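**Student:** After the structure tokens below, expect a handful of questions from me.
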Amino acid sequence: MLKIFTIVGARPQIIKAAAISRQVRTVFKDRIQESIVHTGQHYDENMSQVFFDEMEIPKPDFNLNIGSGTHGSQTAKMIEGIEKLLLEHKPDALVIYGDTNSTLAGAIAASKIHVPVVHIEAGLRSYNKSMPEEINRIMADNVSTLLFSPTKTGYTNLLREGFEDTEKTGRKKFDKDHPGIFHCGDVMYDNTLFFAEMAEKKSKALEQNNLVAGNFVLVTIHRDSNTDNPERLTAILEALNEISVEQSMDMILPLHPRTLKMLNGEAYSAIYDLLKKNKRIKIIPPASFFDMIVLEKNAKLIITDSGGVQKEAYFFKKPSIVLRPETEWKEIAKNGAAIIADAEKQKIKTAYDYFSSKSDLSFPAVFGDGKAAEFICNNMLESL
Ligand code: UD1
């Protein structure tokens, strides 16, 4: 029996963990035993618990209840808590997801006491180190033993950083000085395939928000580079307001608590008032996974600074406008399904016009076949 500990903390990790956790509880139940550690990075009901409930993820075995803080203090508290658990329970491996402070804390705590680290969503790079997520990714990848990349680009990025080419060497056993890198597809795609039908049956997101399928824009904004910069956030919000007025287009914004907190500050009073007066713009609390899937699947177009939402847009064959200067998901932009508009009002509006008049977008499969979690479980059993 392979005993793994899994770290979750932020919303997207809980979603990603659902795919592996489902495999462990079914196909691999006699071979892998999982304990879930929640760092408590996200703690609001609608940023955390709702995902465990909907996706039927077992209740975390441990909750560190760390909550918010500066990067240093939040990460430090997590490292201390995770190290204690690892020393006490001695798992065979620690599984971490993505690029958050919870990811980095898990990587540091485990690698220093020689617990092999399994990084899921490895190799992604924005090549923009002003993003805390980019620092977290690079550091986590560099102390991991097994690195699973969802895309070919991620695999190539790791090769460029000097990782041994596992597909060529044929090595079968790995340690942190001889890590294994794998291109396996995206666990989020596994989840989308698994949950899409269920979500359509259960979610009332369209009715509750008076939205007509195919006739609204879904928007998410949460990156600190946008939320903590009044000039950028204002430009984005002005673009949204103008598009909705000029094109008579409904928009729905499930807002991250960080963004809402900022909007309530003085710097935004003018633009926030405009948004509140605009009947076509609906600001709602963070959506559940099922509601989010239904909103994505039925949107005309998606405007976002989230990596996960960009991918889900692509899974549902929807164009996206990316509110960042670059993206880790190069394939989406390369295939013409996303436009990188950054926080520039005119670029956002031009991208909207372009996608509105374009009906021949293509979405070739670049995120695997929906079996990434199975691949990862088999590989952990063979390689550790
Ligand atoms: C984090 C991740 C980011 C991921 C995102 C998904 C890092 C560095 N960033 O960003 O990679 O894409 O999660 O959402 O780890 N807050 C609440 N309630 C909550 C959670 C947060 O009010 O349940 C507020 C807190 O005031 C907190 C702020 O949001 O200070 C930001 O939260 P934090 O955990 O620092 O990062 P995110 O912006 O969520």
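Since every read-out is calculated from the coordinates, none of them should be taken as a lab result. The structure presented is a predicted model; accordingly, all values stated were derived computationally and were not measured. Ideal geometry is used to build each Cβ from the backbone, glycine not excepted, and the neighbour counts take in all protein chains shown.
**Student:** Report, by chain and number, residues whose modeled amide H sits under 5 Å from the one on ILE32, excluding near sequence neighbours (fewer than 5 apart, same chain).
**Tutor:** The answer is LEU2.
**Student:** Got a sec? Charge dipole of the chain, +1 on Cβ for Lys and Arg, -1 for Asp and Glu; which of SER288, GLY370, ASN65 is way out at the positive end?
**Tutor:** GLY370
**Student:** Another question, if that's okay. Using θ = phi - 60° and the Karplus relation 6.51 cos²θ - 1.76 cosθ + 1.60, list the HN-Hα couplings for the range 49-57 in order, rounded to whole Hz, with x at every Gly or Pro.
**Tutor:** Along the range 49-57, the couplings run 4, 4, 6, 4, 5, 5, 8, 6, 8 Hz.
**Student:** Rg and Dmax of the chain, using alpha carbons, in Å: what are they?
**Tutor:** Over the chain's Cα set, Rg and Dmax evaluate to 20.4, 61 Å.
**Student:** Identify, among ALA93, MET47, THR103, the residue whose Cα sits farthest towards the positive end of the charge dipole of the range 1-157, taking +1 on the Cβ of Lys and Arg and -1 on the Cβ of Asp and Glu, with the dipole about the Cα centre.
**Tutor:** ALA93
**Student:** Which peptide among 12-19, 190-197 comes first, and what is the full order, when sorted by highest mean count of other Cβ atoms within 10 Å?
**Tutor:** On the way: 12-19: 26.1, 190-197: 18.8.
Averaged packing, sorted descending, gives the order 12-19, 190-197.
**Student:** Taking the Cα centre of the chain as the origin, how large is its charge dipole in debye, to the nearest 20, when only Lys and Arg (+1) and Asp and Glu (-1) carry charge on their Cβ atoms?
**Tutor:** Numbers: 47 positive and 51 negative charges, 53 e Å.
About 260 debye.
**Student:** Please report, in debye to the nearest 20, how large the charge dipole of the range 244-384 is about its Cα centre when each Lys and Arg carries +1 at its beta carbon and each Asp and Glu carries -1 there.
**Tutor:** Values: 20 positive and 18 negative charges, 109 e Å.
The calculation lands at about 520 debye.
**Student:** For the range 211-230 and the range 129-191, write down the distance between their C-alpha centroids in whole Å.
**Tutor:** 30 Å
**Student:** At 0.36 nm per residue, minus the direct Cα-Cα distance, what do MET139 and LYS276 gain on full extension? Give it in nm, one decimal, please.
**Tutor:** Values: separation 137, 0.36 × 137 = 49.32 nm, distance 4.13 nm.
Full-extension gain reported as 45.2 nm.
**Student:** In the P(r) worked out for the range 23-126, what percent of Cα pairs fall beyond 17 Å? Don't jump to the answer; show the numbers that get you there.
**Tutor:** Values: 3016 of 5356 pairs.
Summing the P(r) tail past 17 Å for the range 23-126 gives 56 percent.
**Student:** Expressed as a whole number of Å, what is the distance separating the alpha-carbon centroids of the range 337-384 and the range 1-48?
**Tutor:** Comparing the Cα centres of the range 1-48 and the range 337-384, I get a distance of 24 Å.
**Student:** Same structure again: When the Karplus curve 6.51 cos²θ - 1.76 cosθ + 1.60 is applied with θ = phi - 60°, which whole-Hz ³J(HN,Hα) does each residue of the range 364-373 get, with x for Gly and Pro?
**Tutor:** Values, residue by residue: x, 5, 10, 10, x, 10, x, 10, 5, 5 Hz.
**Student:** Straight-line reach from LYS349: which lysines fall under 24 Å, measuring Cα to Cα and dropping same-chain residues less than 8 apart?
**Tutor:** LYS276, LYS277, LYS279, LYS282, LYS297, LYS300, LYS311, LYS317, LYS318, LYS330, LYS334, LYS358
**Student:** Ok, one more. Relative to the longest principal Cα axis of the chain, at what angle does helix 11-25 sit, 0 to 90 degrees, rounded to 10?
**Tutor:** 50 degrees
**Student:** Taking the Cα centre of the range 148-286 as the origin, how large is its charge dipole in debye, to the nearest 20, when only Lys and Arg (+1) and Asp and Glu (-1) carry charge on their Cβ atoms? Present the calculation step by step, with values, prior to reporting the outcome.
**Tutor:** Values: 19 positive and 20 negative charges, 71 e Å.
About 340 debye.
**Student:** Quickly estimate the mean residue ellipticity at 222 nm for the chain, helices only: each DSSP H run with n ≥ 4 gives -39500 (n - 2.57), and the total goes over all residues, rounded to 500. Before the final figure, lay out the partial values.
**Tutor:** Numbers: 18 runs with 181 residues, N = 384.
Roughly -14000 deg cm²/dmol at 222 nm, from the helical runs in the chain.
**Student:** Using only Cα atoms, tell me the angle between helix 230-246 and the longest principal axis of the chain; keep it within 0 to 90° and round to the nearest 10.
**Tutor:** Long axis of 230-246 versus the principal axis of the chain: about 50 degrees.
**Student:** From the residues ALA341, GLY307, VAL212, which one has its Cα farthest along the dipole of the chain in the positive direction, the dipole being from +1 and -1 charges on Cβ of Lys/Arg and Asp/Glu about the Cα centre?
**Tutor:** Most positive-ward Cα: VAL212.
**Student:** In addition: Which of the aspartates and glutamates could be linked to LYS172 by a straight reach, that is with a Cα gap under 20 Å, when you skip same-chain ones fewer than 8 residues away?
**Tutor:** Answer for LYS172, where 20 Å is the Cα cut-off: ASP92, ASP141, GLU164, GLU374, GLU382, listed by chain and number.
**Student:** How high is the relative contact order of the chain, in percent, with contacts defined as C-alpha pairs under 8 Å that are six or more residues apart?
**Tutor:** Values: 730 pairs, mean separation 61.2, N = 384.
It comes to 16 percent, rounded to a whole number.
**Student:** Also, quick follow-up: ARG258 versus GLU197, label points 7 Å from Cα toward the beta carbon: distance in nm?
**Tutor:** Result: 3.7 nm between the two label points.
**Student:** Quick one: which residues, 5+ away or cross-chain, put their amide H under 5 Å from the amide H of ILE303? H built at 1.01 Å from N.
**Tutor:** Placed amide hydrogens put LEU218, VAL219, THR220, ILE321 under 5 Å from ILE303.
**Student:** Moving to a separate point now. Which whole-Hz couplings ³J(HN,Hα) result when phi for each residue of the range 179-192 is put into the Karplus expression 6.51 cos²θ - 1.76 cosθ + 1.60, θ = phi - 60°, listed in order with x for Gly and Pro?
**Tutor:** Rounded to whole hertz, the list is x, x, 10, 9, 9, 10, x, 10, 5, 5, 5, 3, 5, 4.
**Student:** Full-extension gain between ALA267 and LEU381, please, as 0.36 nm times their residue separation minus the C-alpha to C-alpha distance.
**Tutor:** Values: separation 114, 0.36 × 114 = 41.04 nm, distance 5.27 nm.
Contour length minus Cα-Cα distance gives 35.8 nm.
**Student:** In addition: Let me make sure I get this right: for the range 91-183, a, b and c are the square roots of the gyration tensor eigenvalues over alpha carbons, sorted descending. Under 1.5 in a/c it's rounded, otherwise prolate if a/b > b/c, else oblate. Which is it?
**Tutor:** Numbers: a/c = 1.94, a/b = 1.06, b/c = 1.82.
Oblate shape, in that a/c is at least 1.5 and b/c is the bigger or equal ratio.
**Student:** Oh, and also: Residues with amide H under 5 Å of HIS183's amide H, sequence separation 5 or more or different chain, H placed in the peptide plane at 1.01 Å from N; which?
**Tutor:** Placed amide hydrogens put SER149 under 5 Å from HIS183.
**Student:** For GLN208, project a label point 7 Å along Cα to C-beta. Then give me every residue of the range 43-60 with its amide nitrogen under 16 Å of that point.
**Tutor:** Under 16 Å, as judged by backbone N against the label point of GLN208, lie 45-55 of the range 43-60.
**Student:** Turning to a different aspect of this structure: Treat each spin label as a single point 7 Å out from the Cα along the C-beta direction, and report the ASN335 to ASN128 distance in nm.
**Tutor:** Between ASN335 and ASN128, the label points sit 2.2 nm apart.
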